[in-house]
Amino acid sequence: MRLILIGPPGAGKGTQCQRLVELLRVPHLSTGEMLRAEVRSATTAGREAARFMDQGQLVPDPIIVGMVSRRLQAPDCRGGCLLDGFPRTLHQAETLDDLLERRAMSVDGVIELAVPRDELVRRMLARGREDDDPEIFAKRISSFEVQTAPLLDYYGRQGKLASIDGLGTADEIFERVRAAVRRFDRTLRGR
Ligand code: AMP
């Protein structure tokens with residue numbers, strides 16, 4: 001199953017992704033993680049990406065799309081994958097559709113973790129991570145609202161979206177995620 005998890009920064013995507021990859025037994029493709037690895041290795045792409053990441057801005061598509069496209073071609077992704085942090089713009093979503101279509105594949109389902117903005121800010125302040133500069137965090141939330149939220153419509157129109165309440169304990173939220181996966185599974189088998 002090829003699944004996308006979408007949610008604003010601080011929505012708890014990381015925790016749910018960990019559980020989802022165990023459930024689905026597919027590789028976890030996190031563009032944020034891939035970029036942080038590039039930054040740590042000080043590659044050309046990493047140095048370029050860091051300038052944007054430090055400002056809470058999106059990294060330009062040529063870097064992202066190349067990275068994801070290479071990863072999707074790896075043999076372990078043949079049976080499916082969990083995409084986390086990608087796509088983040090309508091253009092990236094269309095590019096992903098093209099990439100998959102060329103391999104006779106498609107996105108099977110999209111799960112949105114919905115969390116109100118004031119709750120995201122409250123969580124960010126509570127965890128106090130050093131990369132959680134309040135100003136940069138606000139920029140990342142705005143980037144989500146302006147650039148990523150339109151994807152929800154895009155996938156909703158295709159009947160592929162499950163919007164899930166992201167409030168509650170990790171266990172409660174995962175139950176909702178699991179229910180959404182079961183629905184996608186039934187649709188897949190009915191195709
Ligand atoms: P994340 O860990 O998913 O929150 O990503 C951390 C940072 O990496 C983001 O704030 C962006 O600067 C960058 N990034 C991750 N994924 C993408 C993407 N699909 N497109 C552009 N920038 C991205």
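The values are calculated or read from the model by the stated rules, or taken from the named source; none is laboratory data. Note that the coordinates shown come from a computational prediction; the quantities given were computed from them, not determined experimentally. Cβ: placed from backbone, ideal geometry, glycine included. Neighbour counts: every protein chain shown. The accessibility values were calculated without ligands, DNA or RNA, using every heavy atom of the protein model including side chains. Shrake-Rupley method; radii C 1.70, N 1.55, O 1.52, S 1.80 Å.
Within segment 108-148, work out how many residues are within 14 Å of the ligand (Cβ to nearest atom), exposed (fewer than 14 other Cβ atoms within 10 Å of the Cβ) and modelled with pLDDT of 90 or more.
4
Does residue 35 qualify as being in contact (Cβ under 8 Å) with a residue 40 or more places away in the chain and either open to solvent by 20 Å² or more (accessible area, probe 1.4 Å) or among the aliphatic types (A, V, I, L, M) (or both)? Write out each step before concluding.
Details: in contact (Cβ under 8 Å) with a residue 40 or more places away in the chain: no; either open to solvent by 20 Å² or more (accessible area, probe 1.4 Å) or among the aliphatic types (A, V, I, L, M) (or both): yes.
Answer is no for this residue.
In segment 66-102, which residues are at negative phi, within 11 Å of the ligand (Cβ to nearest atom) and not β-branched (Val, Ile, Thr)?
67, 83, 84, 86, 87, 88, 91, 92, 93, 96
What are the pairs with Cβ atoms under 8 angstrom where one residue, in segment 54-65, is within 14 Å of residue 38 (Cβ to Cβ) and near the ligand (Cβ under 6 Å from one of its atoms) and the other, located anywhere, is open to solvent by less than 30 Å² (accessible area, probe 1.4 Å) and among the aromatic types (Phe, Trp, Tyr)? Sequence gap at least six, or different chains.
So the pair list comes out as 64/86.
Out of all the residues in segment 21-32, which are within 10 Å of the ligand (Cβ to nearest atom) and surrounded by 21 or more Cβ atoms within 10 Å (Cβ to Cβ)? Even if it seems obvious, please write down each step before you answer.
Initially, segment 21-32 is screened for residues within 10 Å of the ligand (Cβ to nearest atom), giving 30-32.
Answer for segment 21-32, where residues must be within 10 Å of the ligand (Cβ to nearest atom) and surrounded by 21 or more Cβ atoms within 10 Å (Cβ to Cβ): just 31.
Considering segment 1-59 alone, what residues qualify as being more than 15 Å from residue 85 (Cα to Cα) and of a type in the set (Asp, Glu)?
22, 38, 48, 54
Tell me, please, whether a residue that is within 30 Å of residue 62 (Cβ to Cβ) and either in contact with an Asp or Glu (Cβ under 8 Å, 6 or more places away or on another chain) or modelled with pLDDT of 95 or more (or both) can be found in segment 173-187. Spell out the reasoning first.
Kept after step one, since they are within 30 Å of residue 62 (Cβ to Cβ), are these residues of segment 173-187: none.
No: segment 173-187 contains no residue that is within 30 Å of residue 62 (Cβ to Cβ) and either in contact with an Asp or Glu (Cβ under 8 Å, 6 or more places away or on another chain) or modelled with pLDDT of 95 or more (or both).
Scanning segment 10-20 for residues that are buried (at least 17 other Cβ atoms within 10 Å of the Cβ) and out of contact with any Ser or Thr (no Cβ under 9 Å at 6 or more places or on another chain), which turns out farthest from residue 119 (Cα to Cα)?
20
What is the number of the single condition among (1) among the hydrophobic types (A, V, I, L, M, F, W, C); (2) under 14 Å from residue 88 (Cβ atoms); (3) open to solvent by less than 50 Å² (accessible area, probe 1.4 Å) that residue 45 does not meet?
So residue 45 meets the others, but not (2).
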